[in-house]
Amino acid sequence: MDALTEVELKQFVDSVRRYFSVITKQDPQITSAFLGTRDVQGHEFNGLVSFSGSYNGHVMVSMPAPMLRELLLMQHETDLSDPHLLDAVGEIANTLAGNARKTLGAGLEISVPVTLQGAAGIQARVRQRPYVITLRWNHQPALVFVDMERRR
C-alpha cells in the first residue's frame, strides 16, 4: 500500500471547506492537519465511510452536537434529536466521500455511511499514523480522520 500524496490529502481539506461554504456561506477555519497516533479523541457524533477498490481505509467526520444543530437549523430543519444529528453527520461523511471519488477516481468504492454516537477514541485500522484535519466553524470544533492508503 502507498501513502496518500499531498494533493490527495488536500482534496479532503478542500472538500470540508466547500461543504461549509455551500451549506453555511462561511468557510471553516482549518486549525491543523497532522499525522495522528493510532488513537484520536473525537466528538460525540461520528460518521464513517469505508473505501475499497483503488484505495483501502476509511474517513470519519466527528462533530459535537451544537455544531450539527446549527448546521441543521441553517438548512431549516426542525428535528434536532440525536437520531437526526447522527443522520446529518453520516450525510456529511458521505458528501466528503463522494467528493473524494471525483478526485481519486471511479475505482474508489464507497460504503454506506455508518454513524456512531459517543466521544470515544477513533482508532486507525490501516495506517500507523492516520491523517487528522481539525477545524472550527462558528466557534465549534470538529475533525476529519483520514485512515486510508492507495493500493499498489
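Descriptive notes on the structure:
- Looking only at residues in the stretch 91-111 that are closer than 20 Å to Gln140 by Cβ and either free of Cβ contacts under 8 Å to residues at least 40 places away in the same chain or of a type outside the set (Val, Ile, Thr) (or both), the one that is most open to solvent (accessible area, probe 1.4 Å) is Glu91.
- If you go through the stretch 99-118 and keep only what is in contact with a strand residue (DSSP E or B) (Cβ under 7 Å, 6 or more places away or on another chain) and not in a strand (DSSP E or B), you end up with Ala100, Arg101, Leu104, Gly107, Ser111, Pro113.
- Scope the stretch 41-80; condition of a type in the set (S, T, N, Q), in contact (Cβ under 8 Å) with a residue 24 or more places away in the chain and over 29 Å from Glu8 (Cβ atoms); matching residues: Gln75
- One residue stands out in the stretch 81-90 among those that are touching a residue at least 12 places away in the same chain (Cβ under 8 Å) and open to solvent by 50 Å² or more (accessible area, probe 1.4 Å): the one that is farthest from the chain's Cα centre (by Cα), namely Asp82.
- Tabulated pairs, the stretch 133-152, first under 17 Å from Thr5 (Cα atoms), second of a type in the set (D, E, K, R) and open to solvent by 10 Å² or more (accessible area, probe 1.4 Å), C-beta under 7 angstrom, 6+ apart or interchain: Asp147/Arg125; Asp147/Arg127; Glu149/Asp2; Glu149/Arg127; Arg150/Asp2; Arg152/Asp2
- If only residues of the stretch 5-46 that are assigned to a strand (DSSP E or B) and among the small types (Gly, Ala, Ser) are counted, the one that is modelled with the highest pLDDT is Ser32.
- Counting only residues that are under 19 Å from Val16 (Cβ atoms) and among the hydroxyl-bearing types (Ser, Thr, Tyr), the stretch 42-100 holds 4 of them.
- For the stretch 138-152, the set of residues classified as polar (S, T, N, Q) and either surrounded by 15 or more Cβ atoms within 10 Å (Cβ to Cβ) or assigned to a strand (DSSP E or B) (or both) consists of Gln140 only.
The values are calculated or read from the model by the stated rules, or taken from the named source; none is laboratory data. On a predicted model such as this, the values are computed, not experimentally measured, just so you know. Please note: Cβ atoms are built from the backbone with ideal geometry, for glycine as well, and neighbour counts cover all protein chains shown. We work out accessible area using only protein heavy atoms, side chains counted, and drop any ligands, DNA or RNA first. Shrake-Rupley method; radii C 1.70, N 1.55, O 1.52, S 1.80 Å.
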